[in-house]
Each structure stands twice: as structure tokens, then as C-alpha cells.
Protein chains: 2
Amino acid sequence: MSARPLPDPAALACPLPIADYPHVLLAHGGGGRLSQQLIEGLFGPAFANPALDERHDGAVLALEGGRLAVTTDAFVVSPRFFPGGDIGSLAVHGTVNDLAMCGATPLALTVSFVLEEGLEMAELERIVRSMAGAARAAGVPIVAGDTKVVDRGKGDGVFVTTTGLGRVPAGVDVAPRRARPGDRVLVSGGIAQHGVAILSVREGLEFDGGIVSDSAPLHGLVASLLAGAGPPHVHVLRDPTRGGVASALGEIAQAARVGIRIDEAAIPIAEPVRAACEILGLDPLYVANEGRCLAIVASEAADAALAALRAHPQGAGAAAIGEVVSAHPGALVMRSRVGGERLVDLLTGEPLPRIC
Amino acid sequence: MSARPLPDPAALACPLPIADYPHVLLAHGGGGRLSQQLIEGLFGPAFANPALDERHDGAVLALEGGRLAVTTDAFVVSPRFFPGGDIGSLAVHGTVNDLAMCGATPLALTVSFVLEEGLEMAELERIVRSMAGAARAAGVPIVAGDTKVVDRGKGDGVFVTTTGLGRVPAGVDVAPRRARPGDRVLVSGGIAQHGVAILSVREGLEFDGGIVSDSAPLHGLVASLLAGAGPPHVHVLRDPTRGGVASALGEIAQAARVGIRIDEAAIPIAEPVRAACEILGLDPLYVANEGRCLAIVASEAADAALAALRAHPQGAGAAAIGEVVSAHPGALVMRSRVGGERLVDLLTGEPLPRIC
């Protein structure tokens with residue numbers, strides 16, 4: 001037995017400061033003293049809230065009846081720190097946004113970490129504090145979590161999985177299948193910023209104007225949109241992350257068995273981002289966004305919807321970029337600047353791995 | 001633009017069979033065609049249910065009001081296949097059990113995968129099918145998911161994170177803080193089987209009797225216990241996974257600021273498991289379990305609780321192993337076979353990394 005002749009029991013409740021460990025050890029994921037110390041010394045203070053403070057196997061939340069939105073995402077972005085964010089804030093924003101894309105008000109997040117043995121503890125702290133800050137700014141508590149540690153060389157520093165719970169307000173019915181011919185397609189701002197920001201760090205490039213990720217929580221913007229357009233008129237919401245605007249709209253076309261037609265000239269893109277995409281050989285339609293939102297709305301509400309987006313600071317650059325059509329169901333087509341229509345396929349290769 | 005002169009749009013909705021890819025590629029996590037193919041060809045059919053079939057950014061579930069239990073866990077077990085289970089079934093059981101330890105009835109799971117480029121597709125299929133089977137057997141749908149792929153050498157095949165949602169029935173109030181002096185400590189069966197089963201594969205050892213993981217969903221057993229003892233009398237439930245029985249009880253003692261005293265002679269352990277622990281130099285009190293449950297119950301309900309556990313197939317080997325005391329708050333002590341009491345600390349090192 002790993003027991004000893006007795007007290008001081010008080011010492012049990014008083015783990016060493018995590019600062020005594022400059023690097024993550026396997027034992028930090030072992031379920032014993034060091035795991036507890038990580039929880040008490042880092043996660044607990046950073047994420048503090050009543051549900052988490054119970055230190056139970058799960059959180060228990062009081063809920064009204066109604067509809068609950070649930071979403072989960074793993075984050076493996078490389079590099080972990082980039083202009084405009086890091087893996088921690090990105091994980092919070094990504095999950096809050098998936099809830100927002102269901103029309104839901106975020107209620108709670110959970111987080112699980114898979115850490116690589118040898119990760120600098122200071123880096124983990126920086127990520128956790130960023131995550132806690134992003135969650136606070138979005139008004140969403142992190143109510144449960146888990147940490148595992150894998151041997152050196154069997155991971156890549158930090159992988160984060162966040163799960164989000166949200167409440168879908170009465171009257172809101174947002175889903176890909178609701179796109180129908182005649183609907184208008186809106187985007188909340190200039191596309192492709194997140195992917196270009198990540199790639200610029202990865203490739204050691206600096207672009208004019210210092211391209212910064214658009215990573216941001218979008219539930220406030222969505223609430224404005226729903227209020228401005230009227231909930232029944234907002235048919236589909238989607239944040240065009242991996243695979244970009246092309247893949248997001250292509251998937252909606254498939255799910256709803258409708259066609260979608262967009263105008264190349266109408267798609268907003270900041271000039272430095274467009275220039276960077278040209279240098280990098282990337283098609284901006286396929287580049288990931290983390291703080292942009294596509295909205296498919298009834299045509300009679302399109303003007304009000306666009307005005308509502310533009311009235312919100314995150315939607316200042318919003319634009320109407322296309323429409324839902326009955327022709328070519330399942331496909332996204334683009335009217336080019338020079339005229340003519342082309343089929344825009346889903347992303348096929350993988351130009352930008354580990355973008356989120 | 002990665003576009004082409006046009007149709008056949010129908011081809012978009014008809015991805016290649018995943019069997020055409022013997023290994024996982026980075027593009028399977030890229031958010032484009034191959035991601036979609038993985039979803040349509042593998043995850044969708046395996047996990048099919050109405051919420052998942054919406055192919056939305058999140059699932060929307062109808063809920064009655066009340067209390068919702070939420071829990072999340074990452075699974076990094078190595079090896080991924082072991083006697084009695086695999087990383088897929090383990091992820092389902094582990095999360096269902098964390099819900100059960102809140103006294104909750106499981107409602108839904110989400111799953112996220114972090115795959116390593118080059119993983120055999122057949123192995124992923126085997127894991128996904130095992131997961132789907134475990135979820136079906138437990139009666140819990142997998143309602144949302146996500147997949148990322150990391151470069152070869154930056155992961156270890158498959159990491160799985162599952163999040164569980166459950167409903168806490170009225171009258172149930174199970175939490176570590178509820179342990180109080182006089183309560184009895186029960187365990188649902190012989191300890192240390194899961195950890196020994198994993199280690200036997202890892203070390204290439206074969207033990208007499210073929211030690212098999214105890215991995216199993218415990219919500220049925222917990223429902224029987226709550227019904228038999230009466231919900232208000234069940235104060236704390238805990239599945240002693242990482243860190244084993246010693247760490248689980250030590251943490252409860254700390255959370256409730258009570259002492260816990262257990263009797264070495266009363267702790268059930270199968271003879272082959274005990275022998276294997278001796279050969280491996282492991283203290284069974286610190287070895288992980290995945291299908292065992294600790295229950296701390298009011299003394300007046302202890303006999304009924306033990307009878308209820310024993311009446312369930314998963315609790316046939318249940319035993320009363322100790323009691324909650326007012327002495328030495330925050331500490332777990334053990335009365336040894338030869339008399340005398342010793343402090344049992346939380347797990348300090350990491351004898352068994354990546355056990356779950």
C-alpha cells in the first residue's frame with residue numbers, strides 16, 4: 001500500500017503550486033495529486049463558477065423546458081498562438097458560434113484537454129486564461145472539464161475539445177433544410193481572414209496591414225439579426241469555418257436539395273486578404289473564417305436582415321451575395337465577374353490543414 | 001477558383017466509398033469532400049438518429065424543464081483494443097457512467113475525434129462501430145460530433161472526447177459534499193480489473209483466468225440502487241477510474257471535509273487480479289476501474305442499498321467497505337488486515353499512464 005504512518009491530513013488539501021512544475025508531466029493526467037493540483041491551481045480559479053466548483057463527475061444545471069442546442073468541436077490549430085487569438089479563445093468562439101448558428105443563446109461550455117507530456121506549464125496557463133477570458137466575454141460559464149496527458153511525441157502540445165449547450169428561443173427554427181428558392185444569401189463581413197492569419201504565421205510571412213484572425217463570438221450578432229429580420233424569416237445560419245464559404249454553402253444546397261447562386265463581385269474581401277490569397281495560391285472561397293456568419297433569409301426580410309447585421313459592430317461589412325434557386329439542386333454556382341456561371345465544388349484537397 | 005465548367009451536380013451528393021481510402025488523410029479533417037464522405041459513409045450510418053441526421057452545426061433536443069447533468073471526458077487509452085473493450089466502447093461507458101454518478105438518466109452524447117494522419121480506416125471503422133454498439137446498448141443517441149486530423153507523428157491514432165447530457169430525476173441529490181459522518185461506503189464489485197486488463201496487454205502478459213476489463217455502463221445499476229435505497233439516502237456516487245478507489249474516496253473526503261475509513265479485508269478483489277497486481281507491483285487501491293461504482297449512503301439505508309446493488313447483475317459482488325467519520329477530516333484511512341490505521345494518500349505518481 002502506498003500509505004504512510006499518518007497525518008498531516010491538512011497537507012492533502014494543500015497541493016503544491018503548479019509553478020513548481022515548469023512542464024506538464026504524465027502524472028498531471030493520472031487522476032491523482034498532480035491532476036488535482038492542476039484543477040485546483042489552474043482550471044478551478046480560471047473557470048470558477050458554481051457548477052464547476054462542486055467538483056463532481058459532471059455539472060448539474062437547472063433548465064427551463066424547451067429546446068436545447070448541443071454542439072461539439074475539437075481544436076488542433078497550429079500554431080497555437082496567432083494574430084487575433086489562440087487555441088483557447090478559438091475553442092470558445094468556435095463552440096459559441098456553432099450554438100449561435102442554431103439560433104441558440106449559449107448557456108454553458110465543457111472543455112477537455114489532451115496535453116502532450118513536456119508542454120510548458122506557462123503556455124498551458126496562457127491558453128487557459130485566454131479561454132477563461134473569452135468565456136467570460138461571451139457570458140458563458142465553463143461547467144465541466146477533463147484533462148488527459150499523452151507521452152511525449154504522441155500529441156502536439158495541446159488539443160482542446162469544447163462542447164456547448166444553448167437554449168433555442170421560441171419561434172426560432174434555423175436549419176440547413178429550411179433554405180428554399182427565392183431566399184437571399186448574406187454574409188456578415190469580409191471573408192478568409194482567419195485562414196490567412198494562421199497561414200501567415202505558419203509560413204513566416206508578413207502582409208500589408210497585418211492580417212488578424214476574425215475569431216469572435218457571434219451570438220450577439222445573431223440575436224440582432226433574429227430581432228431585426230424576425231425569427232421565422234431566418235432560415236439557415238452557418239459559420240464558414242473549415243472548407244470556407246464554398247463548402248458551407250455547398251453543404252446547405254445538398255441538405256436542402258436546392259441550388260445556391262452567388263455573385264463573385266458581391267463577396268466582400270479585404271484588399272490585403274485578397275492580395276495574400278493570391279500570393280499564397282489560395283482561393284478565398286475555401287479559406288476558413290471564425291468570426292463570420294452566412295445567413296439565408298426569406299427575400300421579404302432580406303433588407304431588414306442586412307440592415308440588422310450592418311447595425312452591429314461585427315456585421316459592419318455585411319453584404320448580400322446571392323440567392324437560393326430551384327435550378328441545379330444540390331449545387332453551388334457562382335456568377336463570375338466576367339459573366340457566366342461555374343459550379344463551385346466542396347473543398348476537395350486540404351490546402352490548409354489544422355486551421356482550427 | 002477551384003470551379004469547373006459544370007455539372008453533374010448529382011455527383012456532389014454521392015461521395016466515394018470510404019473503402020477507397022485505406023488510411024486517414026489530413027483532408028478527412030479538412031471540412032470538404034473527404035470530411036463529408038467520412039460523415040456520410042461512416043459516422044452517419046453508424047450513429048444514425050434524428051438529431052444527428054439534421055447535419056446542422058449542432059443538435060437541437062426537446063427538453064422538459066428540470067435539472068440537466070453535463071459531463072465531458074477525453075479518452076487516450078493505449079492500447080486502443082484490450083480484453084473486454086476498446087477506446088470506442090470505453091468512451092461511451094465512461095461518459096454514461098459520469099452521468100450515472102450524478103444520479104442522472106443519460107439523454108444524449110456528443111463525440112469528437114482527433115485522428116492521426118495514416119490511421120487505418122478499417123481501425124477507425126471498428127472503433128466507430130463499437131462506439132455505436134455501446135451507445136445503442138446503453139440507449140443513448142450520439143447527437144453531434146466533430147473530426148479533426150493531425151499530421152503523422154503529432155497524435156497517436158485516435159483520441160476520443162465524449163460529452164454526455166442526462167436528466168436528474170426529482171428527489172435525487174448526489175454530490176461529493178453530501179458525504180456525512182455515519183454514512184456507509186459501498187463498492188459495486190471487485191476492484192482494479194480494468195487497469196490490470198490494460199496493463200496485461202501493454203506488457204504482453206497473460207494472467208490466469210484471462211483478466212478482462214470491467215468496462216460497462218452503470219446507469220441501470222444506479223437506477224436500481226436509487227430505487228432500492230430511496231433517492232434521498234444516496235448521498236454520493238463515484239466511479240473510481242484514474243487514481244482508483246483510493247483517489248476517489250480521498251477526493252470525496254476533501255470535498256465534504258469528512259474522514260473516510262475503509263477496511264482492507266472488506267474490499268472485494270478477484271484473486272487473479274490480486275495476484276496480477278502483486279506481480280506488476282501495483283497497489284489495487286490505485287488501479288483504474290471502468291465498470292465499478294462507489295456509493296456513500298445513509299446508514300439507515302445501507303442494508304437496502306447493498307441488497308439493491310447485489311440484486312443487479314452488475315452488482316453481484318457488491319460489498320460494504322467502510323464508513324464516513326468525523327475524525328481526520330479530508331483524509332482517507334484504512335484499517336489493515338493486521339490492525340492499525342494508515343493514511344491512504346491520493347495517487348502521487350503515475351503508475352499506469354493512458355489507462356482511459
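When the distances between all Cα atoms of the range B:24-84 are binned every 10 Å from zero, what whole-number percent does each bin get? Once binned at 10 Å, the Cα pair distances of the range B:24-84 give 16, 29, 38, 16, 1. When restricted to Cα atoms, the range A:242-356 yields an Rg and a Dmax of 14.4, 40 Å, respectively. Just the protein heavy atoms count here, and of the accessible area of the range A:166-300 at 1.4 Å, carbon and sulfur take up 48 percent. Computed over chain B with a Gaussian network model linking Cα atoms closer than 10 Å, the most mobile of B:G41, B:G209, B:G291 is B:G209.
Put simply, when B:274-285, A:214-225 are sorted by average Cβ atoms within 10 angstrom per residue, most first, you get A:214-225, B:274-285.
Using equal-weight Cα scatterers in the Debye expression, the normalised intensity of the range B:26-168 in log10 at q = 0.09, 0.12, 0.16, 0.21 Å⁻¹ is -0.26, -0.46, -0.82, -1.35. Sorted from greatest to least, the principal axis extents spanned by the alpha carbons of chain B come out as 83, 50, 32 Å.
Other protein chain C-beta atoms within 10 Å of residue C-beta, averaged over B:105-115: 4. By the helix-only formula, in which each DSSP H run with n ≥ 4 contributes -39500 (n - 2.57) and the sum is divided by residues, chain B has a 222 nm mean residue ellipticity of -8000 deg cm²/dmol. What the protein assembly as shown shows is 33 Å² of accessible area per residue, with the surface traced by a 1.4 Å probe over protein heavy atoms. Averaged over peptide A:165-175, the number of partner chain Cβ atoms lying within 10 Å of each residue's Cβ comes to 2.
Between B:A307, B:A295, B:A91, the residue with the greatest mean-square fluctuation in the GNM of chain B (Cα pairs under 10 Å linked by springs) is B:A307.
Any idea what angle helix A:87-100 forms with the longest principal axis of chain A, computed on alpha-carbon atoms, 0 to 90 degrees, nearest 10? Between helix and principal axis, roughly 50 degrees. Pairing chains B and A buries close to 8000 square angstrom of accessible surface in total, based on protein heavy atoms and a 1.4 angstrom probe. Largest GNM mean-square fluctuation across B:H56, B:H235, B:H312, computed for chain B with C-alpha springs under 10 Å, falls on B:H56. For the range B:179-263, the set of GluC sites (Glu not before Pro) satisfying both a DSSP loop assignment and a count of at most 14 other C-beta atoms within 10 Å is given as B:E203, B:E206. Note on the protein assembly as shown: percent of Cα-Cα distances in each 20 Å bin, starting at 0 and stopping at the bin with the largest distance, equals 18, 51, 25, 6, 0. Per residue, the convex hull around the alpha carbon atoms of the range A:172-344 comes to 102 Å³. Projecting the Cα atoms of A:S200, A:V234, A:C277 onto the charge dipole of the range A:172-344, computed from C-beta unit charges around the Cα centre, puts A:V234 farthest toward the positive end. Legend: mean number of C-beta atoms from other chains within 10 angstrom of residue C-beta atoms, peptide A:95-102, equals 3. If both residues of a DSSP beta bridge must be in the range B:200-355, then about 75% of such bridges are antiparallel.
The values are calculated or read from the model by the stated rules, or taken from the named source; none is laboratory data. On a predicted model such as this, the values are computed, not experimentally measured, just so you know. In this analysis, Cβ positions are derived from the backbone assuming ideal geometry, glycine residues included, and neighbour counts consider all displayed protein chains. Keep in mind that these areas ignore ligands, DNA and RNA; they rest on the heavy atoms of the full protein, side chains included. Shrake-Rupley method; radii C 1.70, N 1.55, O 1.52, S 1.80 Å.
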